[in-house]
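Visitor: Below you will find the structure I want to go over with you.
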Amino acid sequence: MGLKAGWRSSESRFTAYVEALSSALGHADRAAPFYSYCAGLLLPGDRKSIEPMAARVQPGRVQAAHQSLHHFVAKADWSDDTVLAAVRARVLPLIAKRGPIRALIIDDTGMPKKGRHSVGVARQYCGQLGKQDNCQVAVSLSVANDHASLPIAYRLYLPREWADAPDRRATAGVPDEVVFQTKPQIALEQLRAAVAAGVRAEAVLADAGYGNDTDFRDGITEIGLPYVVDIQSTTSLWPPGTEPLPPKPWRGQGRPTSAIRRDGAHQPVPARQMALELPKGAWRRVTWREGSNATLTSRFAAVRVRPAHRDYKRSTPRPEEWCLIEWPAGEAEPTKYWLSTLPVSISRSALVNSAKLRWRIERDYQDLKQELGLGHYEGRGWRGFHHHATLCIAAYGFLISEREAIPPSGPRNTTLFKEHPLPAGYRPRGSPDPA
């Protein structure tokens, strides 16, 4: 297939994709900027903010295109949830053709910011930088199988210094119904909405930032989903075959107690201590998938434990669940720990495979940031921040559609659109003068 035929074919499929989603925008006059914005995100370019995209998609009328795209993303009152639902309805069946949906993956991502006026900006941990810094953080939910994944929910985490500041909220247009929520609380809300919409998966996956939160794990169970979540090595557990002491027997005086107990000789232990005390035969080598350079293999133990966090306030012990532990050959001690409520009958290799599927979210964020400019939005408001993210996800959905529509042995055409030359002398605002 020649390049000219390639981009024409891709543009035809993209037009059909955009038309199928446009009804979710509410008004017909939003279809054109929707097409232009998504096309701008998919076209090559170092910057995916509004002005450079306007120059790429409509080089003959950059100023008018800029105004149209700015209004569409920053001002227009269309629903992010409705558009994301339309993307999910179109793309999820294509993903499911390659295999059942295996996981709902919770994660968050940080976008570094220099100023302090963009909505939600605060000094907090930024995964992109690997340290505390000035950034925005958003919580997302993705659906995944072994072949692909798609974000289906995305919401800004609003720190307390924003949530409790009426002036800042008003300036950024934060809706009245948005109150302070922790990241695990936001994630549980996203999971409830997904299940209510009919999305099903084998398990919920999350890193230790969520898995360490007992309320988060309990919330997943209340929703009716199993989980496989990372935990820290310090998480307190009752090792296999142990549990808290029963309530003290009532002696006929005072108020009876129903709380389970611990004493000086009967205590839970940190996950690390439990792992180091496991017998040599508890560890087995498991291969879970082919990596880019080699087969991914490590040593794992899987034992039945009871989480112990504040269980002395309960009347019954927590149910048993899996503790999966990874101890790679050559390491001085175990490196990773998970808790899971997947069935007791599950094989160790299947448990490992589920835990390791969380890498898919890293691929999502890599493509959304590096290829589609997820972190490039320059506006400061709540609506624009979420609209831009929704449009990035819509464009990402088209890329997934292209991949899934072509058999693995078929041709891979990387030319999605015809590129238009930029206007002579064009320089985005703020760029340095040419030498």
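Visitor: Within the range 230-259, restricting attention to residues that are small (Gly, Ala, Ser) and either modelled with pLDDT under 90 or under 34 Å from the mean Cα position of the chain (by Cα) (or both), which residue is surrounded by the most Cβ atoms within 10 Å (Cβ to Cβ)?
Guide: Taking the candidates together, the pick is SER233.
Visitor: May I pose another question? Yes or no: the range 329-338 includes at least one residue that is more than 22 Å from ALA203 (Cα to Cα) and touching a residue at least 60 places away in the same chain (Cβ under 8 Å).
Guide: yes
For every residue, the table says whether it meets (1) closer than 22 Å to PRO319 by Cα; (2) in contact (Cβ under 8 Å) with a residue 40 or more places away in the chain; (3) in contact with a Gly (Cβ under 9 Å, 6 or more places away or on another chain); (4) of a type in the set (S, T, N, Q).
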residue: PRO166; (1), (2), (3), (4): no, no, no, no
residue: ALA194; (1), (2), (3), (4): no, yes, no, no
residue: ARG200; (1), (2), (3), (4): no, yes, no, no
residue: ALA206; (1), (2), (3), (4): yes, yes, no, no
residue: THR221; (1), (2), (3), (4): yes, yes, no, yes
residue: THR235; (1), (2), (3), (4): yes, yes, yes, yes
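Visitor: Just for the range 111-147: of the residues that are among the polar types (S, T, N, Q) and within 30 Å of ASN353 (Cβ to Cβ), which one is surrounded by the fewest Cβ atoms within 10 Å (Cβ to Cβ)?
Guide: GLN128
Visitor: Name every residue in the range 160-205 that is assigned to a helix (DSSP H, G or I), aliphatic (A, V, I, L, M) and open to solvent by 50 Å² or more (accessible area, probe 1.4 Å), in order of residue number.
Guide: ALA170, ALA193, ALA196, listed by residue number.
Visitor: May I pose another question? Go through (1) within 17 Å of HIS388 (Cβ to Cβ); (2) crowded, with 19+ Cβ neighbours inside 10 Å; (3) within 20 Å of the chain's Cα centre (by Cα); (4) not hydroxyl-bearing (Ser, Thr, Tyr) one by one and return the number of the condition PRO52 breaks.
Guide: Every listed condition holds for PRO52 apart from (3).
Visitor: Looking at SER349, SER340 in this structure, which one is buried (at least 19 other Cβ atoms within 10 Å of the Cβ) and either closer than 30 Å to GLU177 by Cα or not aromatic (Phe, Trp, Tyr) (or both)?
Guide: Values: SER349 fails: buried (at least 19 other Cβ atoms within 10 Å of the Cβ).
Result of the check over SER349, SER340: SER340.
Visitor: To continue, here is another question. Just to be sure, is TYR312 farther than 20 Å from ASN145 by Cα, open to solvent by 70 Å² or more (accessible area, probe 1.4 Å) and aromatic (Phe, Trp, Tyr)?
Guide: When the stated conditions are applied, TYR312 passes them.
Visitor: Related question: Considering ALA138, ALA196, ALA170, which residue is modelled with pLDDT of 95 or more, at negative phi, in contact with an Asp or Glu (Cβ under 8 Å, 6 or more places away or on another chain) and of a type in the set (A, V, I, L, M, F, W, C)?
Guide: That would be ALA138, the only listed residue that is modelled with pLDDT of 95 or more, at negative phi, in contact with an Asp or Glu (Cβ under 8 Å, 6 or more places away or on another chain) and of a type in the set (A, V, I, L, M, F, W, C).
Visitor: What tally of residues in the range 206-222 results from selecting those that are open to solvent by 40 Å² or more (accessible area, probe 1.4 Å) and not acidic (Asp, Glu)?
Guide: Residues meeting the conditions: 3.
Visitor: Could you identify the single residue in SER315, SER349 that is touching a residue at least 40 places away in the same chain (Cβ under 8 Å) and in contact with a strand residue (DSSP E or B) (Cβ under 7 Å, 6 or more places away or on another chain)? Lay out the reasoning, then the answer.
Guide: On the way: SER315 fails: in contact with a strand residue (DSSP E or B) (Cβ under 7 Å, 6 or more places away or on another chain).
Unique residue meeting the criteria: SER349.
Visitor: Specify the residue that is nearest to THR257 (Cα to Cα); the eligible residues are those in the range 283-296 that are open to solvent by 20 Å² or more (accessible area, probe 1.4 Å) and modelled with pLDDT of 95 or more.
Guide: TRP283
Visitor: Another question about this same structure. Quick check on my filter: what residues within the range 79-111 are out of contact with any Asp or Glu (no Cβ under 6 Å at 6 or more places or on another chain), outside any helix (DSSP H, G or I) and of a type outside the set (Val, Ile, Thr)?
Guide: Within the range 79-111, SER79, LYS97, ARG98, PRO100, ALA103, LEU104, ASP107, ASP108, GLY110, MET111 meet the criteria.
Visitor: Among the candidates GLN128, GLN67, GLN124, GLN58, single out the residue that is more than 18 Å from ALA148 (Cα to Cα) and free of Cβ contacts under 8 Å to residues at least 12 places away in the same chain.
Guide: Just a single option satisfies the conditions, and that option is GLN67.
Visitor: Do we have any residue at all in the range 297-305 that's open to solvent by 10 Å² or more (accessible area, probe 1.4 Å) and in a loop (DSSP other than H, G, I, E, B)?
Guide: Initially, the range 297-305 is screened for residues open to solvent by 10 Å² or more (accessible area, probe 1.4 Å), giving 297, 299, 302-304.
When the remaining residues are screened for being in a loop (DSSP other than H, G, I, E, B), the result is none.
No, the range 297-305 contains no residue that is open to solvent by 10 Å² or more (accessible area, probe 1.4 Å) and in a loop (DSSP other than H, G, I, E, B).
Visitor: Right, next: Somewhere in the range 19-33, is a residue crowded, with 17+ Cβ neighbours inside 10 Å, within 18 Å of HIS386 (Cα to Cα) and either touching a Lys or Arg at 6+ places or on another chain (Cβ under 8 Å) or modelled with pLDDT under 95 (or both)?
Guide: Yes, some residue in the range 19-33 is crowded, with 17+ Cβ neighbours inside 10 Å, within 18 Å of HIS386 (Cα to Cα) and either touching a Lys or Arg at 6+ places or on another chain (Cβ under 8 Å) or modelled with pLDDT under 95 (or both).
The values are calculated or read from the model by the stated rules, or taken from the named source; none is laboratory data. Fair warning: this is a prediction, and the values are worked out from it, not measured in the lab. All Cβ positions, glycine included, derive from the backbone under ideal geometry; neighbour counts span all protein chains shown. Side chains are part of the model used for accessible areas, which takes the heavy atoms of the whole protein and leaves out ligands, DNA and RNA. Shrake-Rupley method; radii C 1.70, N 1.55, O 1.52, S 1.80 Å.
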